[in-house]
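Peer 1: Below you'll find the structure I mean.
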Amino acid sequence: MISFFANFKSVKHKVQAPLGAHLPDKLQPINVEEFLISHETLLKRLKLAYSDTDSWETKILPCVKATALMSAHLPYSASGIFSDMDGLFKASVSAATYAIEVMESSVQLEKNIMAQHLLQGRLKAVACLAGLCSFFDVFEKVIIGEKTTDSGSSFFHISESNHTKHIAFDPLSMPFNSWVLEKLATNPTIDLTLQWRSSPTLITQTQQNLKLFLARHILLPETLAWLSEAGPLPLSELMKCLTTDNDLENLPSSVIKARNLGVYRTCLLERERLGAELGKILEPQGWQDTLIRILRTRILNDWEINAKDSPLRKGADGLFLFWPDVFPILIDDMKSFGLVDLPTDPDIWAGCLLSSGITLASINKTPTCSIAVTPNANPRKAIKLSDAVFFTSGRVLATKTIKRNFEVDIKLVASLALSKLTREALEVANRAFTDDLPSDTPQQPHLIWYLNKELKQASLEEALGLILNQLTENASTTLHHIIDEGLFINEDLVRQSKTSLSFEHLVLALLSEGVIYQTAKLEPLWVTHTDSNGTLTNGFLVRPDALEALSDNKKVSFNDAFLAIYGKAPDPKFAFKEVLKEPTDQLSLDFEGKEERNE
């Protein structure tokens, strides 16, 4: 080990500080010690999980340093999980950390106490090393080489030395950092590029065996010799991990299980981290308000608390929604409100809901939790809503609920297995998830709303103009008040618009102009709709044939404007026309502030 790093330090000593600074950030070489210091928190977690300080410094840390040389600043994917700078190293160390934690709770040890201690330490080390090697498949997806330049005389320069000088990076030959340093030593101004293969690499046993050759860059001889001190089992388990992806029935291996669950846990948490990024991307579009409104409306109208077929459960410790059971419903509802091209990965959205304050973290500080609705029931994944009274519009106060905590703290292995099983079932149903984040979300079209008929009263025309200006200037207001049946106006909208007319005078004035729906008794037709908070509110409807809009200086009808906003044609529900054929009491207005509604 000493000679290995001594050689590296001698190479590093020759490299000047600015060397390679012109390269893209993800392709620049690293100084190992400085690089590890920048990831001190990540390494502290790994050291804490490993817990054996005697072998950490001499057997595991050198392999971690070799992993840093192999990965440098490279990402693991072009977009999606670990696509940022240092993504490959972060993924590898995180997978090693979680693999150790899983290993400690699942490994079957010998009865002999001394053999237990010896074997336990070696198998933890094997799980750690397998985790460090688990993301090296990225080298089958990337092509790193010199930026090509056309040369008319290139044919006359064919030679072995010229060919090897310009050959692309081969991960089987040397670590990536060493290759970059070697290139810069030959040509300090070299220009390198990173490209991603468009077609996937076919999975074959030969392809799996290549992992063993990639792993030799980080599996140091001293570490392998130390593993062999506990007999052939540790090296045999490590070989299985490096050549086989699945825990096959004929190759049962607790190390493979730990490695697989460690990788899954790493990717799961990264998707949840992307959820917070997703929230930042969608924030200008006001997705939080839209989703809050959808949740409250669904809970009020469709999901009964603790009903047999309902995903909504209330225990003594809070209000829960089965997750990802309700996820497809929420995504479809958001699309109907104009938020399209959204990622369809429930793990991303779980992190997104947590970062926005809509949900609370579990007892394990994760976006999703495990709940058991009866003492003997199998735990199910769920999200915990932040305010039970708010999201149920107070209905929870009058509902008889179970006086027992639903959330359970299950072991890491069981939690991961449950989450993985649920995800696999959904993948079969939905074919695939999308992990990629949109660079931005589709912008709402800019529409200038106006009334297409002339009004007799100047004060009414001014008041209605202020209301339509509110729609023009505020896209979220448009989403709340432009509905299939027309323009929904309630007291809140009138108050926000700061009109000179009161709400009651505005109703009667518009009624006299014939631009709102009216009953057979020629009275205003009152309708109920949900406001921006998901609360039911009363108001009236301006007829869609009285409204038009300007888009790019072109006049568009209400139907065309509705299609541009929501991506679908309006589908008005005029059931009230049939109801009003029978005699019915209608709202009478009291301008002194008292209103009576006989429903």
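Peer 1: Given the structure, is T290 closer than 17 Å to E272 by Cα and out of contact with any Gly (no Cβ under 8 Å at 6 or more places or on another chain)?
Peer 2: no
Peer 1: If I filter segment 197-224 down to residues being open to solvent by less than 70 Å² (accessible area, probe 1.4 Å) and among the hydroxyl-bearing types (S, T, Y), which single residue comes out as modelled with the lowest pLDDT?
Peer 2: The qualifying residue modelled with the lowest pLDDT is T204.
Peer 1: Any chance segment 279-293 includes a residue that's closer than 19 Å to F327 by Cβ, touching a Cys at 6+ places or on another chain (Cβ under 6 Å) and not small (G, A, S)?
Peer 2: The answer is no; no qualifying residue exists.
Peer 1: Of all residues in segment 472-489 being of a type in the set (G, A, S) and open to solvent by 20 Å² or more (accessible area, probe 1.4 Å), which is nearest to the chain's Cα centre (by Cα)?
Peer 2: Only one residue fits best here, namely S476.
Peer 1: Here is a follow-up. Does segment 292-299 contain at least one residue that is of a type in the set (S, T, N, Q), over 19 Å from the mean Cα position of the chain (by Cα) and surrounded by 16 or more Cβ atoms within 10 Å (Cβ to Cβ)?
Peer 2: yes
Peer 1: Look at segment 494-533 and say how many of its residues are open to solvent by 40 Å² or more (accessible area, probe 1.4 Å) and of a type in the set (S, T, Y).
Peer 2: 5
Peer 1: Any idea which residue in segment 1-23 is modelled with the lowest pLDDT, counting only those that are open to solvent by 60 Å² or more (accessible area, probe 1.4 Å) and assigned to a loop (DSSP other than H, G, I, E, B)?
Peer 2: M1
Peer 1: I would also like to ask the following. Of all residues being in contact (Cβ under 8 Å) with a residue 24 or more places away in the chain and more than 22 Å from C267 (Cα to Cα) in segment 342-374, which is surrounded by the fewest Cβ atoms within 10 Å (Cβ to Cβ)? Just the residue, please. Outline the logic, then answer.
Peer 2: If we filter segment 342-374 for residues that are in contact (Cβ under 8 Å) with a residue 24 or more places away in the chain, which is where we start, we get 342-360, 362-364, 366-373.
Retained after the next criterion (residues that are more than 22 Å from C267 (Cα to Cα)): 357-358, 371-373.
Values: G357: 12, I358: 18, I371: 25, A372: 17, V373: 18.
In this case the residue turns out to be G357.
Peer 1: Of the numbered conditions (1) in contact with a helix residue (DSSP H, G or I) (Cβ under 6 Å, 6 or more places away or on another chain); (2) closer than 30 Å to L123 by Cα; (3) modelled with pLDDT under 80, L238 satisfies every one except a single condition; which is it?
Peer 2: (3)
Peer 1: Suppose we filter segment 375-406 for residues that are open to solvent by less than 10 Å² (accessible area, probe 1.4 Å) and either farther than 16 Å from F327 by Cβ or among the aromatic types (F, W, Y) (or both); how many remain?
Peer 2: 3
Peer 1: Taking segment 85-118 as the search range and keeping residues that are hydrophobic (A, V, I, L, M, F, W, C), open to solvent by 10 Å² or more (accessible area, probe 1.4 Å) and at pLDDT below 85, which one is nearest to T266 (Cα to Cα)?
Peer 2: Our first condition is that a residue be hydrophobic (A, V, I, L, M, F, W, C); within segment 85-118, this holds for 85, 88-89, 91, 93, 95-96, 99-100, 102-103, 107, 109, 113-115, 118.
Now narrow it down to the ones that are open to solvent by 10 Å² or more (accessible area, probe 1.4 Å): 85, 107, 109, 113-115, 118.
With the extra rule that they be at pLDDT below 85, the set shrinks to 107, 109, 113-115, 118.
Values: V107: 20, L109: 26, I113: 33, M114: 33, A115: 31, L118: 28 Å.
So the residue we want is V107.
Peer 1: Being open to solvent by 20 Å² or more (accessible area, probe 1.4 Å), part of a loop (DSSP other than H, G, I, E, B) and among the hydrophobic types (A, V, I, L, M, F, W, C) is the filter; apply it to segment 130-181 and report the residue that is modelled with the lowest pLDDT.
Peer 2: I158
Peer 1: Within segment 329-337, is there a residue that is within 21 Å of H529 (Cα to Cα) and in a loop (DSSP other than H, G, I, E, B)?
Peer 2: Among the residues of segment 329-337, at least one is within 21 Å of H529 (Cα to Cα) and in a loop (DSSP other than H, G, I, E, B), which makes the answer yes.
Peer 1: Examine segment 261-278 for a residue that is open to solvent by less than 10 Å² (accessible area, probe 1.4 Å) and under 30 Å from D571 (Cβ atoms), and state whether such a residue exists.
Peer 2: Taking every residue of segment 261-278 in turn, at least one turns out to be open to solvent by less than 10 Å² (accessible area, probe 1.4 Å) and under 30 Å from D571 (Cβ atoms).
Peer 1: Pull out all pairs, ordered by first then second residue, where Cβ-Cβ is under 8 Å, the residues are six or more apart or on different chains, the first lies in segment 234-258 and is within 17 Å of Y98 (Cβ to Cβ) and assigned to a helix (DSSP H, G or I), and the second is open to solvent by 60 Å² or more (accessible area, probe 1.4 Å) and modelled with pLDDT under 80.
Peer 2: S254/Q108; I256/N246; I256/D247; K257/D247
The values are calculated or read from the model by the stated rules, or taken from the named source; none is laboratory data. These numbers were taken from a predicted model, which means no experiment stands behind them. Please note: Cβ atoms are built from the backbone with ideal geometry, for glycine as well, and neighbour counts cover all protein chains shown. For the accessible areas, the whole protein counts, side chains as well, though only heavy atoms, and no ligand, DNA or RNA atoms are used. Shrake-Rupley method; radii C 1.70, N 1.55, O 1.52, S 1.80 Å.
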